[in-house]
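Before any comments, here is the structure.
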Amino acid sequence: MGIEIEAATRARFDDVAVMLGPRNPTSSVCWCLSHRLDSRTNRELVGPARREYVRELTGRPIAPGVLAYDGGEVVGWAAVAPRAQLPFERSRKIPHVDDLPVWSVWCIRVRPGHRGRGIAHALLRGAVDYAAANGAPAVEGYPADNAGQRVDPTMAFVGTRHLFEQAGFTKAADTDAVAGGFPRVLMRRALP
């Protein structure tokens, strides 16, 4: 499989927009901000302002995530960032395992027509590699513990426990969070 993973930098913003943006530019879709921003800011940021916020994120020294490419076509997205910069830092549902300055992976998206080809696996590996290259001591994810059952596609963005296990993560804690009717678990992978 020739999937390439690249940081979602400003030069790649058009591809970020393909993965996260709405068909109607004035719509207020997630833009992968729902778990990046505090709830108040997330509610106040509407329509095209969401796009501009993500454009600004892509210009920062740490990109807001990674993109997957197949033959030069963007086919996937994974959000990854230091947990300290995210609402997960203050979450009452997602516990802290320790005081390490971990990074979080919380959204993995594969474009329709490209699913079932291992792209989510490549995205998760790429997100881990990006975190490691930027000094993360460990990476966490908060996937659904679905025991092999089908996860509703609208909630599949959190990933599954199996996906994270295949990427070398181990369960570090239970959480009080739920996705698609399944409990979410805190999965952790230490980095060298």
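Observations
The rows are residues; the columns are (1) closer than 27 Å to residue 29 by Cβ; (2) among the small types (Gly, Ala, Ser); (3) free of Cβ contacts under 8 Å to residues at least 24 places away in the same chain.
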residue: 131; (1), (2), (3): yes, yes, no
residue: 143; (1), (2), (3): yes, no, no
residue: 153; (1), (2), (3): yes, no, yes
residue: 157; (1), (2), (3): yes, no, no
residue: 164; (1), (2), (3): yes, no, no
residue: 175; (1), (2), (3): yes, no, no
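- Among residues of region 15-41 that are within 14 Å of residue 78 (Cβ to Cβ), those with a beta-carbon under 7 Å from a residue that is in a loop (DSSP other than H, G, I, E, B) and of a type in the set (A, V, I, L, M, F, W, C) at least six positions away or on a different chain give the pairs 16/8; 20/31; 20/32; 35/86; 36/86.
- Selection status of residue 105, closer than 18 Å to residue 145 by Cα, in contact with a strand residue (DSSP E or B) (Cβ under 6 Å, 6 or more places away or on another chain) and open to solvent by less than 10 Å² (accessible area, probe 1.4 Å): yes
- Residue within region 93-104 that is within 13 Å of the chain's Cα centre (by Cα), of a type in the set (D, E, K, R) and either at pLDDT 95 or above or farther than 29 Å from residue 60 by Cβ (or both) present: no
- Filtering region 75-96 to residues that are over 28 Å from residue 2 (Cα atoms), open to solvent by less than 10 Å² (accessible area, probe 1.4 Å) and among the aliphatic types (A, V, I, L, M) leaves 86, 94.
- Of all residues in region 55-77 being out of contact with any helix residue (DSSP H, G or I) (no Cβ under 6 Å at 6 or more places or on another chain) and assigned to a strand (DSSP E or B), the one that is farthest from residue 129 (Cα to Cα): 73
- Residue in region 148-160 that is assigned to a strand (DSSP E or B) and either modelled with pLDDT under 95 or surrounded by 15 or more Cβ atoms within 10 Å (Cβ to Cβ) (or both) present: yes
- Test result for residue 135, under 20 Å from residue 6 (Cβ atoms) and open to solvent by 40 Å² or more (accessible area, probe 1.4 Å): yes
- Counting the residues of region 38-74 that are closer than 15 Å to residue 7 by Cβ and open to solvent by 80 Å² or more (accessible area, probe 1.4 Å) gives 2.
- Of all the numbered requirements in (1) open to solvent by less than 30 Å² (accessible area, probe 1.4 Å); (2) in a helix (DSSP H, G or I); (3) within 21 Å of residue 30 (Cβ to Cβ), residue 122 misses one, and that requirement is (3).
- Count of region 2-44 residues which are outside any loop (DSSP other than H, G, I, E, B) and of a type in the set (A, V, I, L, M): 9
- Selected residue (only one of 144, 127 is over 17 Å from residue 64 (Cβ atoms), open to solvent by less than 30 Å² (accessible area, probe 1.4 Å) and modelled with pLDDT of 95 or more): 144
- Filter pass, residue 173 being part of a strand (DSSP E or B) and either under 23 Å from residue 192 (Cβ atoms) or open to solvent by 50 Å² or more (accessible area, probe 1.4 Å) (or both): yes
The values are calculated or read from the model by the stated rules, or taken from the named source; none is laboratory data. The model shown is predicted, which means the values in this text are computed figures rather than measured ones. Note: ideal-geometry Cβ built from the backbone for every residue, glycine included; neighbour counts use all protein chains shown. The accessibility values were calculated without ligands, DNA or RNA, using every heavy atom of the protein model including side chains. Shrake-Rupley method; radii C 1.70, N 1.55, O 1.52, S 1.80 Å.
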